[in-house]
Every structure is written in C-alpha cells, then in structure tokens.
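Everything on this sheet refers to the single structure shown next.
Where a number appears in this text, it was derived from the coordinates with a stated rule and is not lab data. Here the structure is a predicted model, which means the values were calculated and not measured. Neighbour counts are summed over all protein chains in view; Cβ atoms, including those assigned to glycine, are modelled from backbone coordinates with ideal geometry.
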Amino acid sequence: MSRTSKKTATADEIADMASRGEDISAYFTNQFTVVRPVRRVNLDLTEGMLRELDHRAARLNISRQAAIKTLLARALAEERAVGSRRKKGGSGDPPQA
C-alpha cells in the first residue's frame, strides 16, 4: 500500500495561488485569536501590596504581570456585573429626597 504525503504550501506559494484566482480556503482554519493593541503603564504599589502580589503570583506559578492582569480583569468584570445588575433592578440605594 502506498502512502501519499501532502506537501505543505509556503506562504509565497499560497499567495501565488491566490493571485491566480485559485481557491486557497483549504489553507485556513478560521480558528484564530485576535490580538488587541497593548499599552504600557507604570504602576506605583506599596511594599505590602507588592509582597502580597508576588506571593499570589508565586502560589499560582505565574508572573507578576500575569497576576496583575488576572486580578484587574476579574475586578473589572465584577464591576461590570454589578453595574448591569444596578441598571436592571435599580441602584439598590434608597431614593433621595
């Protein structure tokens, strides 16, 4: 029984095929991740906050930066959830006179 091996096309070969009007859809999976632009920021933390952050990062075996991103994303998501609950069911605060 003979085996047929399919040669993987290079990016240039795929571009040439596309230029000739050939169907190149087989070379794309439509499974991709959108990479958003990143902005750098400086952050001032107290020694205690930095110690706690480093402890948490070490416990999770992730970098300090990953810990900051994870904690900040979680806090922002919680804030959004609280905000949407307030909009749906009122603020929860007593009416002001």
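Relative protection proxy for 23-35, 48-60, from highest mean packing down: 48-60, 23-35 (other beta-carbon atoms within 10 angstrom).
The orientation-averaged projection of the convex hull spanning the C-alpha atoms of the range 44-84 amounts to 3.2 square nanometres. Using the Karplus relation 6.51 cos²θ - 1.76 cosθ + 1.60 with θ = phi - 60°, the per-residue 3J(HN,Hα) values for the range 67-72 come to 5, 4, 4, 5, 5, 5 Hz, with x marking Gly and Pro.
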